[in-house]
């Protein structure tokens with residue numbers, strides 16, 4: 001069916017979400033079934049305000065530049081929709097002849113897409129809704145991984161490798177370093193710091209994921225042991241760590257009215273862990289909390305990720321034009337010794353409301369490390385990493 | 001005079017301090033006057049323990065790899081010296097025939113070098129002492145800039161550019177972001193975030209340096225105004241900000257016995273500023289604190305910096321072999337439209353005990369920005385930066 005297309009970006013920006021956007025535009029330009037190509041500014045917030053942009057007017061040169069630009073060029077939101085909002089959006093779709101709704105985002109965005117898909121069906125309004133996966137958290141089900149995640153993994157692999165060399169060098173003055181990673185509910189991002197290691201014994205020495213309850217006494221014993229053995233310790237910890245009672249370790253910060261979702265403020269795990277180490281072990285500790293920088297680095301992004309982010313956007317347009325909707329695009333890993341992926345699609349109701357945690361087989365029995373099965377999963381997504389040198393043992397024999 | 005050489009690294013690691021070390025080794029290998037080439041592990045700590053390495057045994061391939069490796073391959077320390085330590089070191093020098101002492105570091109390392117220089121003179125022991133500048137803080141006097149600084153500046157230029165695009169995109173949910181930079185006593189590192197801007201109005205919108213007292217009410221008024229005008233705010237703040245009474249904003253964290261210098265723990269400015277914004281303006285705020293990651297990134301390092309770090313190391317050996325000592329090597333900027341630098345040397349007593357703050361002419365009258373004179377100073381040191389795109393205005397006209 002001929003109709004207009006609207007595309008939006010939602011949730012946290014990533015290094016490659018503009019690649020998905022550009023793919024949607026470039027693919028849409030190839031299909032006669034698609035008339036106008038609208039972009040919504042700041043996700044559904046812009047849609048509700050009809051703050052739309054005409055993406056046919058973006059030059060092909062600009063599209064190529066945008067494809068390499070991190071963050072989200074249309075702007076995003078984390079806003080949910082009320083019932084009135086849904087009805088208002090349906091009226092806007094009808095008034096503007098919009099038949100294709102493509103929404104690039106994570107769990108919340110898939111839920112929004114599903115609501116619009118269902119409402120359109122109720123109203124017998126022909127609308128093809130496709131969710132395009134994007135989340136650094138890697139927590140969408142039904143897809144091998146999520147565009148955006150391999151790039152944050154690569155950023156952390158390189159940056160923790162470097163931060164580990166730093167701690168190794170200055171361990172005499174600053175022996176304990178905590179790297180606080182993103183990851184509110186899952187440990188995928190924290191787990192990826194394991195890529196930093198060039199050889200056994202390298203940083204990170206301890207990796208803590210929200211999938212396992214954090215036990216203070218065990219943590220202190222682990223830090224004390226590594227410090228005794230190596231003289232320095234690098235700890236990677238997800239921001240969303242929870243204790244044995246299921247309480248966020250760092251949820252004690254004051255709630256803020258301005259948080260539209262009323263969520264607790266995260267970002268304090270690094271400080272909490274340093275405080276534990278300094279108080280109970282009397283060892284100096286500091287933390288690095290790269291925050292949003294880890295998710296929007298273009299220069300350290302993964303090539304596989306940038307290419308896949310483009311392909312899921314492209315496939316989404318083809319899916320919609322082929323008359324399929326109510327789905328989320330996925331990435332499917334092919335079997336074989338060389339990494340290859342294809343795109344697929346799953347019904348939105350199999351995705352929404354679920355969350356993919358790091359599975360048991362990826363977490364070491366110790367609870368503070370990952371397994372080789374995890375390394376096999378993550379390595380091909382991240383690509384080659386810089387190799388750094390250390391003084392050869394020959395030069396380190398006492399003289 | 002023929003004799004053995006010893007070289008060490010001291011203080012915080014940087015992206016390019018191994019380039020200086022490799023330069024010392026490669027240059028020393030060219031001079032017949034130099035016998036053994038010793039490296040001290042962990043600075044003067046290793047020297048006192050005679051934990052030394054034989055740098056003639058490092059292969060030329062390994063040297064090339066080390067040159068590109070961030071952090072400090074020999075290990076560093078922040079330890080000072082007691083009088084007994086100085087005497088012990090002089091005995092080690094005599095026993096091992098060490099005539100050349102090269103120490104790569106910042107203010108503390110220059111002070112150590114000066115003490116050894118003076119003590120050797122007292123003892124009429126021929127010793128050529130050279131300090132090789134290295135500090136991301138850029139706070140050594142008598143040099144145009146310090147090796148290590150241009151690379152942290154480039155890291156922040158790129159990362160704050162990206163973090164700024166992130167805040168611009170998700171300002172509807174996360175409107176205020178603080179980027180906490182290094183810089184205990186000076187604002188050079190924080191100032192360099194100004195390089196992030198591609199055009200007027202880009203992040204960072206407010207830059208706070210320790211050179212100007214931080215006034216809470218003025219800060220809140222500035223944040224409120226930028227938020228009203230733009231909908232989002234990115235604030236760059238040095239970790240060492242002080243209030244009108246000269247108190248560190250973030251010195252309230254508990255003192256820790258394990259800090260060998262008894263210094264207050266920094267790193268809390270981001271949290272303090274977010275708390276101010278959330279409490280008084282009721283606007284959600286978060287902070288990025290890249291910590292040690294900003295100082296040891298090889299992939300985002302400055303080419304000029306890597307090349308100059310090598311040249312000061314090379315020049316130090318030539319200076320020592322030529323029979324000059326008691327000096328620190330410097331970088332001298334040549335006049336002219338194209339950036340060029342040469343190396344120089346100044347007596348250590350003109351360097352030690354002084355600290356170079358960001359001068360008045362580099363700080364904007366508002367107190368929360370830098371001047372164009374500063375931009376002229378910093379740009380050539382950092383080199384080209386990635387250019388990122390935004391949707392063209394044509395595509396943003398209402399439709």
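For segment A:1-141, what class follows from the C-alpha gyration tensor (a ≥ b ≥ c being the square roots of its eigenvalues): rounded when a/c is under 1.5, otherwise prolate if a/b is larger than b/c, else oblate? Here segment A:1-141 falls in the oblate category. For residue B:82, the label point sits 7 Å beyond Cα toward Cβ; its separations from the matching points on the remaining copies run 7.2 nm, from shortest to longest.
Each copy carries residue A:50; placing its label point 7 Å along the C-beta direction from Cα gives inter-copy distances of 8.6 nm, listed from smallest up. Under 10 Å, Cα contacts only: if you run a Gaussian network model on chain A, which one of A:335, A:88, A:216 comes out with the highest mean-square fluctuation? Maximum fluctuation in the GNM of chain A, among the listed residues, is at A:335.
To the nearest ten degrees, helix B:83-96 and the longest principal axis of the Cα atoms of chain B are 50 degrees apart.
Seen against the Cα atoms of chain A and their longest principal axis, helix A:372-382 is set at about 60 degrees.
Relative contact order, whole percent, for chain B stands at 21, derived from Cα pairs under 8 Å and 6 or more residues apart. Pair-distance distribution of the protein assembly as shown: all C-alpha pairs, bin width 20 Å, starting at 0; shares per bin in whole percent are 16, 47, 29, 7, 1.
In percent, rounded to a whole number, the relative contact order of segment B:262-370 is 13, using alpha-carbon pairs under 8 Å and six or more apart.
Secondary structure note: in segment B:1-119, about 25% of the DSSP beta bridges are antiparallel.
With Cα atoms defining each centre, segment B:132-165 and segment A:284-304 are spaced 18 Å apart in the structure.
I want the antiparallel fraction of DSSP beta bridges within chain B, as a percent rounded to 5. Among the beta bridges of chain B, antiparallel pairing accounts for roughly 25 percent.
Helix B:216-230 and the longest principal axis of the Cα set of chain B meet at an angle near 60°.
Counting only DSSP H runs of at least 4 residues, each contributing -39500 (n - 2.57), and dividing by the residue count of chain A, the helix-based mean residue ellipticity at 222 nm comes to -10500 deg cm²/dmol.
Projecting 7 Å from Cα along the Cα-to-Cβ direction, the label point of residue B:361 sits 6.7 nm from its equivalents in the other copies, listed shortest first. Centre-to-centre separation between the Cα atoms of segment A:72-118 and those of segment B:1-59: 63 Å. Give the shape of segment A:178-245 as rounded, prolate or oblate, defined through the alpha-carbon gyration tensor: a ≥ b ≥ c are the square roots of its eigenvalues, a/c under 1.5 means rounded, and otherwise the shape is prolate if a/b is larger than b/c and oblate if not. Cα axes put segment A:178-245 in the oblate bin.
Laboratory data are not the source of any read-out in this text; all were calculated from the coordinates shown. Just so we're clear, the structure is a prediction, and the values are computed from it rather than from any experiment. Cβ: placed from backbone, ideal geometry, glycine included. Neighbour counts: every protein chain shown.
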